[in-house]
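None of the figures in this text is laboratory data; all of them are computed from the coordinates on show. All values reported here derive from a predicted model rather than from experimental measurement. Here Cβ is always computed from backbone atoms with ideal geometry, including for glycine, and neighbour counts include all displayed protein chains.
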Amino acid sequence: MKKIVFITKHDPTKIGGGAFATRAYLEALNKIYPKQVVLFVADSYEENVLSYESSKIIKVLPRTKFSAILGILIGKLTRFDTVIKSWANKNKDNLDTVVFDGSVVGGSFINIFKKFNCKLVTIHHNYEVEYQKENKSIETIRGNFLFWIKKFEKRAYLSSHINLFLTQPDLNLFKVKYGNSSSTQKVIGCFEFFKNKEIIYNKNTTSFNSKETLKLIISGSLVTYQTLDGVNWFLEAIYPKLKEKHKNIEIIITGRSPSEELMQKCKELSVTIIPSPKDIRKIIAEGDIYICPTRLGGGLKLRIMDALALGLPCVIQEKSYRGYENIGESNFITKFSNEVDFFTTFDELLLNIKDNSNNRDYIRNEYNKEFSFDAGVIRLKTLLK
């Protein structure tokens, strides 16, 4: 039986946007190719977390700190190099498809597999150059050393048989930055990794007009540069004016590992912050409106998916709106571009919600069409087969 190889530097058993997206793709591949998938993954991967039944799981041990630092300079941005080369040469006659989870992974290893006459697929989670520059990551020396990112991303794009993107704007950026590719280029988006799992949501039918307090929810990994930038900007530039205009609003911020500085800022502003919750969806479900103020980075912001799955109307910064265009055509999923624009958008959303008591059901139905696991499997299968 031919093997489907999936290579990722994300750990799909952990928490975070990249991990959740990777887990969804991995689960979907297993659904399409049962027990054929060979997984290359970091050694922290916990085998009992996923429903994924592999052909083989190869956990790659970490490098020494010296090797990792040297890798930034010489272009070895992952720990997988030696392990993958050895395995590929031993299994070259048994390969069907190799799926690279991310541009850097694709560019790092695609030349190893090109000579083996197998299908090469790269899933681009974002325009990596933009993401790394804005995210100040250590592997690009705080976003100042992008040589290898550009080189690997371009190589993956030009050498893959199939390039899959999370959003249309990311695909467009690749065409502008790296030129035309003879590959198949499609938007796969992202989707949930839940299968046959009922999502708990707030079934409170209290009229929006009669509520004494309107709960606005902001969520995300509160340790990442992009999320922190958006949250701090919202608290400083938007929230004071919003609270002055709408006295009945309560802001709840929740996510992983907030700093003491952010905790103190929320306390001073009388904003509720819930650090590292066990089930973030339960908190989001109690809200009335979801706010995404993240204004940096590309790709698709997965925390918005949580809100949509639970039927929450959303106000989304235009950069984070990427990938939600289809579901965003309704009056309940709106975008804004700047501080001034936010207030107009927010007030219009309030009016639309007050005029339609079925908005939650509508949002959930639209979400399922686009972001359910079954919908994702169908898209991926169509593109790979």
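Computed log10 I(q)/I(0) for the range 3-190 at 0.14, 0.15 Å⁻¹: -0.76, -0.89, from the Debye equation with unit scatterers placed on every C-alpha and solvent omitted. For the range 287-330, would you read off the P(r) tail past 13 Å as a percentage of all alpha carbon pairs? Of the Cα pairs, 48 percent sit more than 13 Å apart. Ranking of Leu39, Leu350 by neighbouring Cβ atoms within 10 Å, starting from the fewest: Leu350, Leu39. Distance between the C-alpha centres of the range 1-63 and the range 108-169: 19 Å, rounded to the whole angstrom.
Only Cα pairs under 8 Å and 6+ residues apart enter the sum, and on that basis the relative contact order of the chain stands at 14 percent. With Rh defined as the Kirkwood radius, the inverse of the mean 1/r over Cα pairs, the Rg/Rh of the chain is 0.98.
When the pairs Lys114/Lys186; Lys2/Lys319; Lys265/Lys369 are compared against a 29 Å limit on Cα-Cα distance, Lys2/Lys319; Lys265/Lys369 fall above it. When the Debye formula is applied to the Cα atoms of the range 289-385, each taken as the same point scatterer, what base-10 log of I(q)/I(0) results at q = 0.12, 0.15, 0.16 Å⁻¹? Scattering profile of the range 289-385, log10 relative to I(0): -0.39, -0.59, -0.66.
The Cα atoms of the range 1-114 give a gyration tensor whose axes a ≥ b ≥ c have a/c of 1.5 or more with a/b no greater than b/c, which makes the shape oblate. Derived value for the range 129-177: Kirkwood hydrodynamic radius 11.6 Å. Basis is the mean of 1/r over every pair of different alpha-carbon atoms.
Once the dipole of the chain is set up with Lys and Arg at +1 and Asp and Glu at -1 on Cβ about the Cα centre, which of Asn94, Leu70, Gly179 lies farthest towards its positive end? The Cα lying farthest towards the positive end belongs to Asn94. Taken along its three principal axes, the alpha carbon spread of the range 79-170 comes to 41, 30, 15 Å, from the longest extent down to the shortest. Just flag the trypsin sites (Lys or Arg not before Pro) in the range 252-304 sitting in loop per DSSP whose Cβ has no more than 12 other Cβ atoms within 10 Å. Sparse-neighbourhood loop trypsin sites (Lys or Arg not before Pro): Lys278. Amide H contacts of Leu310: none lie under 5 Å away among residues 5 or more positions distant or on a separate chain (H built 1.01 Å from N in the peptide plane; Pro and chain starts excluded). Between Leu351 and Thr382, the modelled label-to-label distance comes to 3.7 nm, taking each label 7 Å out from Cα in the direction of the beta carbon. Rg over Rh for the range 1-42 works out to 0.98, both radii taken from alpha-carbon positions and Rh defined as the Kirkwood radius. Think of each Lys and Arg Cβ as +1 and each Asp and Glu Cβ as -1; about the Cα centre, that makes the dipole of the chain roughly 1700 debye. Label reach from Ala68 (point 7 Å along Cα→C-beta): in the range 126-140, amide nitrogens under 19 Å belong to 132-133, 135-140.
Largest mean-square fluctuation among Asn48, Asn358, Asn180, in a Gaussian network model of the chain whose springs join Cα atoms under 10 Å apart, belongs to Asn48.
Extension gain for Asn48-Asn358 works out to 107.7 nm (0.36 nm per residue, less the C-alpha to C-alpha distance). Positive-end ranking of Ile4, Thr213, Val315 along the dipole of the chain, with charges on Cβ about the Cα centre, is headed by Ile4. Measuring how big the range 208-371 is from its alpha-carbon positions, Rg and Dmax come out at 14.6, 41 Å.
Per-residue packing, averaged as other Cβ atoms within 10 Å, sorts the ranges 239-245, 168-174, 311-317, 283-289 into the order 311-317, 283-289, 168-174, 239-245, beginning with the highest.
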